[in-house]
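So the structure is just underneath, and the comments pick up after that.
The values are calculated or read from the model by the stated rules, or taken from the named source; none is laboratory data. As the structure is a prediction and not an experimental result, all values here were calculated from the model. Note that we place each Cβ from the backbone using ideal geometry, even for glycine, and neighbour counts take in every protein chain shown. Areas reflect the complete protein model, heavy atoms only, side chains present, ligands, DNA and RNA absent. Shrake-Rupley method; radii C 1.70, N 1.55, O 1.52, S 1.80 Å.
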Amino acid sequence: MSEFWLISAPGDKENLQALERMNTVTSKSNLSYNTKFAIPDFKVGTLDSLVGLSDELGKLDTFAESLIKRMAQSVVEVMEDAKGKVQENLLASGVDLTSFVTHFEWDMAKYPAKQPLVMVVDTLAKQLAQIETDLKSRTAAYNTLKTNLENLEKRSMGNLFTRTLSDIVSKEDFVLDSEYLITLLVIVPKPNYAQWQKTYESLSDMVVPRSTKLIAEDNDGGLFTVTLFRKVIDDFKTKARENKFTVREFTYDEKEIKREREEMTRLLSDKKQQYGPLLRWLKVNFSEAFIAWIHIKALRVFVESVLRYGLPVNFQAVLLQPHKKSSTKRLREVLNSVFKHLDEVAAASILDASVEIPGLQLNNQDYFPYVYFHIDLSLLD
C-alpha cells in the first residue's frame, strides 16, 4: 500500500513500552510495517507561537499536497504517449517516494533546525509558493503550444467536409490565374462515383469536358476536381446539390498553404524543444515539493506533540505503513487500545465510531488519543 500513518506518543517509559506493544501486535497480526521517524530538536519558542504555527502548518500541508498532485498530473500530461513511465519520473532525491518516506532524514542544510520554527516554516512556504508560480507559467506556455498544435492536427484529421485540404491538394490540380475558368472541389459519395462521371459535364453549361479527377478519398466519399467557366458557378452548385454532390468551398492560395505548413512545422519543433526542459523541471521540482511536504509533516508532528504532551519536549514519532486497506480498521483499534491511557474518553468514543464506519476513511480532522497524520501516496498513482 502507498499509505502511511505518522503518529507520536510521549517518550516516557510507559509510552515507550506502549510503542513496543504496538510493534509486537501489528507485526504478529501482519497489520503494518513500522519504523521510527526521526525529528530533530527544534527551538520551541512560546506555546502561543506554536498554536499559530499549528494552524499555518495545516494550511501549508494542504497546499503542498495539492501542489504535488498538480505536478504529478502535469508529468502525466507532458509525457502523453509514455504514461507507463510516469512513476519513473516521480522520485524524491532520486529514490521512489515510499523509500524516501520510510528512510526520511531531516535536511539540516536546507532547513536548519537551529533556526526559530517560524523561519523554517517561512522558508518552506516561500519555496512551495515559488514552485507553484513557476509551474503555472511553464505549463501555461506549454499547454498553449500543445493546444494550438492539436487544433491544427484536428483540422487534418476530419472528414472531407471539415478537414483542411492544404495537405491534400497541389497546384497542378487547379486552373489558376484565369479570367474565365475556375476549378472547383466536389465531394461525391462513394456509391455515386459512376453517376458523377456520367453527369458532371451536363450539370451546367460551360463545364470543361474530361476535367474531373479524383484527388482524395475517405470512408464515405471522394474529392473530385472539376473545371468550368466562372459565370456558371452558382448554377453548377445548385445542380450539384440536387444530385447529392457537395461543392467544397476552397480557394487555392499557395502563400496560405505554405504558411499553414510552416506553422505546423514550427509548432512541432517548439513542442519538441520545450518537452525536455519542461519534463526535467517537473522532475526536479516535484522532488523538491515532495521533500518539502514530508518536512512539513515532520514539523506538524513536532508542533502537535509539544502542544499535546507539553514541555520538556519528549516524544517518539513512528511511521506505520498498513499492509492492507482492509486492515486499517483493526490497526486503528489496536492503536486506540494501546494508547487509550493518553485520553480515555476520546479513545473510547473513537473506538466506538470506528466499528460503525465501513472501510474507515481517516482524515486529519479526526481526533486521536495520540498525535496522528496521514500520508497517502496513492493519490499520485
TODO: Give the stretch 331-343 a look and list any residue that's more than 17 Å from PHE4 (Cβ to Cβ) and touching a residue at least 24 places away in the same chain (Cβ under 8 Å), or say none.
DONE: ASN336, VAL338, PHE339, LYS340, HIS341, LEU342, ASP343
Open item on the list: Considering only residues that are under 13 Å from THR139 (Cα atoms) and of a type in the set (Lys, Arg), which ones fall in the stretch 271-290?
Closed with: LYS271, ARG280
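Would you check if LEU165 is open to solvent by less than 80 Å² (accessible area, probe 1.4 Å) and over 30 Å from ASN285 (Cβ atoms)? Before you say what the answer is, go through the steps one by one.
Working: open to solvent by less than 80 Å² (accessible area, probe 1.4 Å): yes; over 30 Å from ASN285 (Cβ atoms): yes.
Taking the combined requirement at face value, the residue satisfies it.
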TODO: Tell me which residues, restricted to the stretch 27-70, are touching a helix residue (DSSP H, G or I) at 6+ places or on another chain (Cβ under 6 Å) and farther than 30 Å from ALA109 by Cβ.
DONE: LEU31, SER32
Open item on the list: Just to be sure I understand the filter: pairs with C-beta atoms under 8 Å, separated by 6 or more residues or on different chains, first member in the stretch 30-42 and assigned to a loop (DSSP other than H, G, I, E, B), second member open to solvent by less than 20 Å² (accessible area, probe 1.4 Å) and aromatic (Phe, Trp, Tyr). Which pairs pass?
Closed with: PHE37/PHE104; ALA38/PHE104; ILE39/PHE302; PHE42/PHE302
